[in-house]
Amino acid sequence: MKKQKIISVSMIIYILLIGLQFGCGGVKNTTAYNNKIIGTWQLCKKDSTVNTDIYNKGFIKYKIISDRSFVNVDIKKQENYNTIYGSYELKDGIYTEFVESTSMGFRHILGQRNSFKVKIVDDLIFFEGQNNGNGKEIWKKLK
């Protein structure tokens with residue numbers, strides 16, 4: 001049974017990545033600054049080191065951004081996962097997510113629009129704004 005859970009999480013991530021690759025939904029964001037945001041990011045602690053214990057429950061959180069879409073994936077080895085998917089817009093330093101699909105645990109945010117001030121420095125992206133818990137998040141781009 002554990003092997004099936006690992007496979008199903010892997011399959012879900014694979015399907016989400018395929019969807020992002022083909023740019024499902026959203027307006028294509030193509031400026032040079034917008035291109036820097038495209039990639040796979042992992043949530044960090046306040047000191048900019050990768051956080052491997054989200055919610056104090058062993059989750060790792062990823063944000064995958066294409067030129068049109070985003071997906072947030074929370075993964076806990078051999079157990080649970082959570083996903084949030086939608087389109088986004090990046091304009092004048094404001095990143096706005098439009099939540100179009102979620103896993104069961106996040107249905108309450110379905111249809112929400114979340115805006116953040118965004119700043120990219122080297123391989124780090126800084127989000128500041130509403131609906132992200134403590135008001136500030138740091139993400140590290142994965143190579």
Taking the range 35-93 and the residues there that are among the hydroxyl-bearing types (Ser, Thr, Tyr) and out of contact with any strand residue (DSSP E or B) (no Cβ under 6 Å at 6 or more places or on another chain), the one that is nearest to residue 113 (Cα to Cα) would be 66
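Look through the range 93-111, keep the residues that are charged (D, E, K, R) and under 23 Å from residue 55 (Cα atoms), and return whichever of them is modelled with the highest pLDDT. Walk me through it before giving the result.
Let us first name the residues in the range 93-111 that are charged (D, E, K, R), namely 97, 100, 107.
The next check asks that each one be under 23 Å from residue 55 (Cα atoms); those that pass are 97, 107.
Details: 97: 93, 107: 90.
Restricting to residues being charged (D, E, K, R) and under 23 Å from residue 55 (Cα atoms), the top hit is 97.
Pick out, from the range 75-143, the strands (runs of 3 or more DSSP E) lying fully within it that include 1 or more residues that are under 14 Å from the mean Cα position of the chain (by Cα) and over 23 Å from residue 36 (Cα atoms).
On the way: elements: 81-91, 94-102, 113-121, 124-129, 136-141.
Result: 81-91, 94-102.
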Of all residues in the range 78-120 being among the aromatic types (Phe, Trp, Tyr) and touching a residue at least 40 places away in the same chain (Cβ under 8 Å), which is farthest from residue 40 (Cα to Cα)?
-> 98
Go through the residues of the range 52-73 one by one and say whether even a single one is part of a strand (DSSP E or B), surrounded by fewer than 20 Cβ atoms within 10 Å (Cβ to Cβ), at pLDDT below 90 and among the hydroxyl-bearing types (Ser, Thr, Tyr).
-> no
Expected output for the range 37-65 (first residue touching a residue at least 24 places away in the same chain (Cβ under 8 Å) and within 21 Å of residue 93 (Cα to Cα), partner in a loop (DSSP other than H, G, I, E, B) and among the acidic types (Asp, Glu), Cβ below 8 Å, 6+ apart or cross-chain) is 38/67
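The values are calculated or read from the model by the stated rules, or taken from the named source; none is laboratory data. For clarity, every value in this text was computed on a predicted model and none was experimentally measured. Please note: Cβ atoms are built from the backbone with ideal geometry, for glycine as well, and neighbour counts cover all protein chains shown.
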